[in-house]
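To keep things clear, I will list the structure first and then write my remarks on it.
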Amino acid sequence: MISGANILVVDDNPDIIESLTDFLRLNGCNVFSAFTGKACIDLLRKNKEIEVVILDVGLPDVNGIALLDMIKVENPTVSVVIVTGNQSTDSIVEAIKKGASDFIIKPVEFEKLIFTLIRALKERSLLIEKEHYFQRLEDKKKIELLNRELQKKIKELTTMYHISNQFNSINIFTDVYDRMVQIVKDVLEVTSCGYYIFDNNKGEMILYSEKSNGHISVMDKTITVDKRFLKLLESGKKYALRKNRLFVPITIKGECIGFIAVDTKKKGVGSPVSNEEEDIFLLKLIAEKASTHIENRILYESLFESVFKTLTSLMKAINKRDAYTENHCWRVTEMAVELGERLGLKDNEIGAIKVAGPIHDLGKIGIPDSILLKPDRLTDEEYHIMKTHPTMGEEILNRFDILSNEASIIRHHHERFDGSGYPNALKGEEIPVSSRIISICDTFDAMTTTRPYRKAVDKSYALEEIRRCKNRQFDPVIADCFIEMMQEKGVGNGG
Ligand SMILES: [Fe+2]
């Protein structure tokens, strides 16, 4: 029953070691032996398979009880059977308290030893099982904790992905501040939030955009920003709490341009924010993303402005050559924008008309004066050269990546609805809608303006011409809308 057991005998008496070793080997045990405490610990360290230590507590180098502690530290599951000549109950009780499995009194009776060893081995296997159980419990707790952390991370990453996606969908015509407030409301699920523009000179912030659950505005329209508040933001925290509102600054190149303000009550519950730390982290992330977008927007707008200024000054140069067309392009643009709005065009399409309209004849810069300013009818060859102005205009605009949409509108502003126009003879909806709009306004204004080779026609007559050329030169829906628009202004009604 004890056969195969790995047993370490520790005693300073060689005779006892010898007799115990012989007996245990006879019973099929693997026996290790040590004369000192140090040797005992060394053996335990090297031989992890040792299951039971038969320990004489009267060793020369170390106190038996202290050695018992060391043994349990080295191998917590090993069973220790104390061998003592001293029958003092106190020392035996102390040894049992320290984790000894059992004790035997010298001289050792082999029969009793066998039963003691069987109990010790049984106790050890229970101890191992208990250890495994606790380990499993511990593992389970660890797994649950890891799982919770993982769920939190997934939620955090999903939210971050959502924020990035929302910002990536912003285009040049989106109101960044308004979109930012919407994102804050969606992500943080707050009852209300807003964006304040910071006026450093007046020392106040002014509400620009607000989103809340109800229809009633809850954000203050103006808030005075004192030094204490700014100091709070400058501290490492980069946020400030004020009257149940959380404020996170939007900064560009180290300068505060505004604040995101968030109600610190959760939607529908009315209790304080439960995950304040997480909310602050997400708010800072949104503020950072918004800052980058706003900075890019400022750069884009200044670049766009300088490109546009260059192109309009080119246009002015053309207008100087051809005095009759002075203001023609601006009038065309004004009408085209209004017409586009009536037709329900998107913001970006209206924006493209605003840019392409004033410079739609930009390509005329390449047409010689002898043709552009000729008071008589053009010859076929001259007309052919004149017809190159849309593609020339497109070529100039294509040098600016940011104006590719406008370049296409300019290329096609002389296409006709029935496919008889130039340069590509596009038909119907193949022609960009903005080109179809500009085409009608351009024709109307050209007809009603005196040219070197003919006088202006009456506006009612011009409108009739537009009606007559529906389906052939012009998109019928756009033409009808244009006629209606002009009639509302009194044109064609005898006005
Ligand atoms: Fe033109």
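Observations
- Pairs with Cβ under 9 Å, 6+ apart, first in region 1-26 and within 14 Å of V81 (Cβ to Cβ) and of a type in the set (S, T, N, Q), second surrounded by 13 or more Cβ atoms within 10 Å (Cβ to Cβ) and at pLDDT 90 or above: N6/C29; N6/N30; N6/V31; N6/F32; N6/N47; N6/I50; N6/E51; N6/V52
- Of residues in region 121-173 being of a type in the set (V, I, T) and part of a helix (DSSP H, G or I), the one nearest to D102 (Cα to Cα): I128
- Breaking point among (1) within 20 Å of D445 (Cα to Cα); (2) touching a residue at least 60 places away in the same chain (Cβ under 8 Å); (3) within 16 Å of the ligand (Cβ to nearest atom), for L311: (1)
- Within region 402-451, the set of residues being in contact (Cβ under 8 Å) with a residue 12 or more places away in the chain and at positive phi comprises just one member, G428.
- The set of residues in region 160-172 that are in contact with a Lys or Arg (Cβ under 8 Å, 6 or more places away or on another chain) and closer than 21 Å to K346 by Cβ comprises Q166, F167, I170, I172.
- For region 277-310, filtering for residues that are surrounded by 13 or more Cβ atoms within 10 Å (Cβ to Cβ) and more than 24 Å from S169 (Cα to Cα) leaves 3.
- Across region 358-369, the qualifying residues are those that are within 25 Å of I437 (Cα to Cα) and of a type outside the set (G, A, S), and the one among them that is nearest to the ligand (Cβ to nearest atom) is D361.
- The one condition in (1) among the aliphatic types (A, V, I, L, M); (2) within 16 Å of the ligand (Cβ to nearest atom); (3) closer than 25 Å to N348 by Cβ that A446 fails to fulfil: (3)
- Against the numbered list (1) within 16 Å of the ligand (Cβ to nearest atom); (2) not hydrophobic (A, V, I, L, M, F, W, C); (3) not in a loop (DSSP other than H, G, I, E, B), E429 comes up short only at (1).
- Which listed residue is under 39 Å from the mean Cα position of the chain (by Cα) and either at pLDDT below 85 or surrounded by 12 or more Cβ atoms within 10 Å (Cβ to Cβ) (or both), from K374, K354, K316: K354
- Selection count, region 175-201, where residues are more than 19 Å from I252 (Cα to Cα) and surrounded by fewer than 18 Cβ atoms within 10 Å (Cβ to Cβ): 3
- Candidates V80, V57, filtered to the one that is at pLDDT 85 or above, in the same structural domain as S19 (by TED's automatic domain parsing) and over 60 Å from the mean Cα position of the chain (by Cα): V80
- Qualifying helices (runs of 4 or more DSSP H) (wholly inside region 370-422; at least 1 residues being of a type in the set (S, T, Y) and either more than 15 Å from the ligand (Cβ to nearest atom) or farther than 27 Å from V337 by Cβ (or both)): 380-386, 404-411
- Only one of the listed residues (T443, T448) is β-branched (V, I, T), under 22 Å from L343 (Cα atoms) and assigned by TED's automatic domain parsing to the domain that holds A407. That residue is T443.
- Scanning region 51-86 for residues that are of a type outside the set (D, E, K, R), in a strand (DSSP E or B) and crowded, with 16+ Cβ neighbours inside 10 Å returns V52, V53, I54, L55, S79, V80, V81, I82, V83, T84.
- No other residue among I402, I431 is modelled with pLDDT of 95 or more and more than 22 Å from K320 (Cα to Cα) apart from I431.
- Answer from I478, I437, I409, I466 - the residue that is touching a Lys or Arg at 6+ places or on another chain (Cβ under 6 Å), closer than 25 Å to N327 by Cα and in the same structural domain as C329 (by TED's automatic domain parsing): I478
- Cβ-Cβ under 8 Å pairs, at least 6 apart or on other chains, region 109-126 side touching a residue at least 60 places away in the same chain (Cβ under 8 Å) and among the basic types (K, R), far side buried (at least 18 other Cβ atoms within 10 Å of the Cβ) and assigned to a helix (DSSP H, G or I): none
- If the condition is being in contact with a Gly (Cβ under 8 Å, 6 or more places away or on another chain) and either within 16 Å of the ligand (Cβ to nearest atom) or small (G, A, S) (or both), then region 335-357 contributes A336, I353.
- Test: L283 is assigned to a helix (DSSP H, G or I) and within 30 Å of G254 (Cα to Cα): yes
- Residues of region 178-209 that are closer than 16 Å to A290 by Cα and part of a strand (DSSP E or B): C193, G194, Y195, Y196, I197, F198, Y208, S209.
The values are calculated or read from the model by the stated rules, or taken from the named source; none is laboratory data. Keep in mind it's a predicted model, so treat the numbers as computed, not measured. For neighbour counting, all protein chains shown are included, and Cβ atoms are generated from backbone atoms with ideal geometry for every residue, glycine included.
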